[in-house]
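Take a look at the structure set out below.
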Amino acid sequence: MTSKKISVGVVPLGDIPEFDLQVIVDHIIGCFKLVAQILPRFEPPGNALDERRLQYNAGIIIETMEAMQFSNYDKVIGVLDKDLFIPIFTHVFGEARQGGKCGLVSLYRLAKNPDGSIPPESSINERAAKVALHELGHLLDLLHCERKKCLMHFSGGIDEVDEMSLDLCEYCTVYLQDKLR
Amino acid sequence: MDRKMSVMIVDDEAIVRESLFHWFKKYGHLVETASSGFEALEKLETYPYQLLFVDIKMPGMDGIELLEKIKSDFPDTIVIIITAYGSIESAVKAMRIGASDYLLKPFKPDQLSLVMERISVQEKLMSQYNYLKGHLDKITRFENIIGQSPAMEKVFSLIPEVAQSDASILLVGETGTGKELVAKAIHAESRRSHLPFIAINCGAMPESLLESELFGHQKGVFTGATRARKGFLEVVSGGTLFLDEIGEISPKMQINLLRVLEEKKITSIGSREPVEVDFRLISATRRDLKREVTEGIFREDFFYRINVIMIEIPPLRKRKEDIPLLVEHFLKKYCQETTKYVDHVTRDAMDLLRRYDWPGNVRELENAIERAVVLSKSRTLGVEDLSFIRPPDLKFSKTLSLREMERVYIQQILEENNWNVTQSANVLKINRVTLHKMMKRYRLERP
């Protein structure tokens, strides 16, 4: 798909199972044809915890990550099992700024179905891969897409994450190729 | 939400501005932020942002005050209010003032997504509406009313003036002068232009049918009424009703319509339930209704109801200077329709068209040009192509002297040209000075 080999680091923020991280790395390599690698873990910054909401502020974590040296990597995806938010929203599954260097995926809300039941491990991993690829898409300057099946479609709920595919639509595919050329 | 919009986030909290800024960036929208109402208004002066997210609680100018200013100065701007739980009452107030929606902070990401979907659909419909309205304006507005004579200029200047009010209008003019076109132009210029324009020729149908058409009827009230039917007075709903040949309606119908105009309610035939109606009435007549009022033929109270504003449409013989323009317009129209190429009229043919009195007015002229274009074998219309037009009978008898005949003929040409000396001199093929001398000699003066 690409002509420019962008390297992506996948960094655990806290105690994240190796298998979960490897699934994300494999999907980045398989779906976006980029170079990807698991990086050493670090703890989420303490000031990111909002004690009133008992959630982690995604903006603060991303700013902390961007201040860190990931000099061998063009883009970095942080993975954590805490509940994430950005101030205006109740929660987010992941966060990345358009064209930025670092993005985040939270496994916290992916481990539950909309009806409250617990999904199989494979579903959680697939959801995490989708959110990671979606946020990486933003880091690569892809916009939200109106096509519901496209990986870049905005997902407000778990059912929408399940509904979207692991693939980009034909328009976003062309757009990504242009970005990586 | 494929349409990219221009969005401004107005909030005194930097963290909120930043969150929403990055969220909208992910959709490719043009995003701007403002930390106060004053800054937002300044930025609106320089760029027409389509959508504003406004926090209610802000120091200085609060969100409600800002919303009021936006709705008064930039009414097309869509405003979404963002508010905390404690200020629901303010949110309701904001909706009354004109906010399109409100979101309670913090909101679920898909709530914002849904609001944006709705706004996007609304914007799309609005732009389609504006395009179609513009297109409709272009095809209905003055396009078919042609003229540059002082008499028509007066009509043109009246149209936008009277269009702004809801007062009843009476158009007075001979048949074929274009009364319906003027009515349509008034409708197109009015605030009702996006609503129906319904034209009814009162002279073309018997009283019972006209009553049923206007007021509607219930099922089974007369033979053939197999189902209930709404009348045009109800169907026109907010638009303009054009009643042509109003002078032809019966005294009974005059009373019925008078009641509708006074009460703004109608009761369909066979019903007892009155229905409220809202329409602007434009009537037209070729009769002298004022004289008929004095003669007791037409109801005086009804006359004054329908005649709040009167516009007289001049007959073509009183604005003969418009004939060349009209001829050119109809030539273009019928060349397009018939795919024939006729773009010239000889001087003699134009003289003939100008000398003729056109009792059927513009409609008769249009029919004449259509017929001539259809039958023409060259791109130039000559007198031979207009042989079906009978030149005016001269008003002199065989007992007149040559001098008297000259006087009568000059007077007739002057009358036909609305006493325009230059035009009359052209028709007579003499110069203006000579014509002035002859007018002096024969004591011919504009009445």
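With respect to A:Leu49, is the statement that it is closer than 21 Å to B:Ala14 by Cα and of a type in the set (A, V, I, L, M) true?
Yes.
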Answer residue from the stretch A:142-161, given it is more than 10 Å from chain B (Cβ to nearest Cβ) and in a loop (DSSP other than H, G, I, E, B) and is nearest to A:Val35 (Cα to Cα) among those: A:Leu151
- prompt: Looking at (1) out of contact with any strand residue (DSSP E or B) (no Cβ under 7 Å at 6 or more places or on another chain); (2) at pLDDT 90 or above, can you tell me which one B:Val327 breaks?
  reply: (1)
message: So in the stretch B:93-117, with the set limited to residues that are more than 14 Å from chain A (Cβ to nearest Cβ) and surrounded by fewer than 17 Cβ atoms within 10 Å (Cβ to Cβ), which one is farthest from the chain's Cα centre (by Cα)?
response: B:Lys93
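In the set B:Lys219, B:Lys265, B:Lys252, which member is in the same structural domain as B:Gly176 (by TED's automatic domain parsing), more than 23 Å from the chain's Cα centre (by Cα) and within 23 Å of B:Phe197 (Cβ to Cβ)? Spell out the reasoning first.
Values: B:Lys219 fails: within 23 Å of B:Phe197 (Cβ to Cβ); B:Lys252 fails: within 23 Å of B:Phe197 (Cβ to Cβ).
It is B:Lys265.
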message: Would you confirm, using the coordinates I've provided, whether A:Lys75 is of a type in the set (D, E, K, R) and more than 26 Å from A:Pro40 (Cα to Cα)?
response: no
- line: A careful count of residues in the stretch B:241-278 that are touching a residue at least 12 places away in the same chain (Cβ under 8 Å) and among the charged types (D, E, K, R) gives 9
- prompt: Which helices (runs of 4 or more DSSP H) does the stretch B:1-92 wholly contain that include 3 or more residues that are within 14 Å of chain A (Cβ to nearest Cβ) and in contact (Cβ under 8 Å) with a residue 24 or more places away in the chain?
  reply: B:14-25
message: Could you check the stretch A:61-77 and list, in sequence order, the residues that are outside any loop (DSSP other than H, G, I, E, B) and crowded, with 17+ Cβ neighbours inside 10 Å?
response: A:Ile61, A:Ile62, A:Thr64, A:Met65, A:Lys75, A:Val76, A:Ile77
- line: Going through the stretch B:120-131 in order, the residues found to be more than 14 Å from every other protein chain (Cβ to nearest Cβ) and surrounded by 15 or more Cβ atoms within 10 Å (Cβ to Cβ) are B:Glu123
field: Residues located in the stretch A:60-77, provided they are of a type outside the set (A, V, I, L, M) and within 14 Å of chain B (Cβ to nearest Cβ)
entry: A:Glu63, A:Glu66
query: Which residues, counting only those in the stretch B:345-362, are surrounded by 15 or more Cβ atoms within 10 Å (Cβ to Cβ) and not in a loop (DSSP other than H, G, I, E, B)?
result: B:Val345, B:Ala349, B:Met350, B:Asp351, B:Leu352, B:Leu353, B:Arg354, B:Arg355, B:Asn361, B:Val362
Check on B:Val308, in contact with a strand residue (DSSP E or B) (Cβ under 9 Å, 6 or more places away or on another chain), touching a residue at least 40 places away in the same chain (Cβ under 8 Å) and not assigned by TED's automatic domain parsing to the domain that holds B:Val260: no
statement: The residue that is nearest to the other protein chains (Cβ to nearest Cβ), considering only those in the stretch A:78-127 that are part of a strand (DSSP E or B) and not aliphatic (A, V, I, L, M), is A:Phe89
message: Filter the stretch A:1-53 down to the residues that are part of a strand (DSSP E or B) and touching a residue at least 40 places away in the same chain (Cβ under 8 Å) and list them by number.
response: A:Ser7, A:Val8, A:Gly9, A:Val10, A:Val11, A:Pro12, A:Leu13
Residue check, B:Val342 touching a strand residue (DSSP E or B) at 6+ places or on another chain (Cβ under 9 Å), of a type in the set (Val, Ile, Thr), in contact (Cβ under 8 Å) with a residue 12 or more places away in the chain and assigned to a loop (DSSP other than H, G, I, E, B): yes
message: Regarding the stretch B:236-252, can at least one residue be identified that is surrounded by 14 or more Cβ atoms within 10 Å (Cβ to Cβ) and of a type in the set (Lys, Arg)?
response: no
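Here is a yes/no grid of residues against (1) more than 32 Å from the chain's Cα centre (by Cα); (2) surrounded by fewer than 17 Cβ atoms within 10 Å (Cβ to Cβ):
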site	(1), (2)
B:Gln336	no, yes
B:Leu375	yes, yes
B:Val383	yes, no
B:Leu386	yes, no
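The values are calculated or read from the model by the stated rules, or taken from the named source; none is laboratory data. Remember, it's a predicted structure, so these values are computed and weren't measured experimentally. No Cβ is skipped: glycine too gets one built from the backbone with ideal geometry, and neighbour counts run over all protein chains shown.
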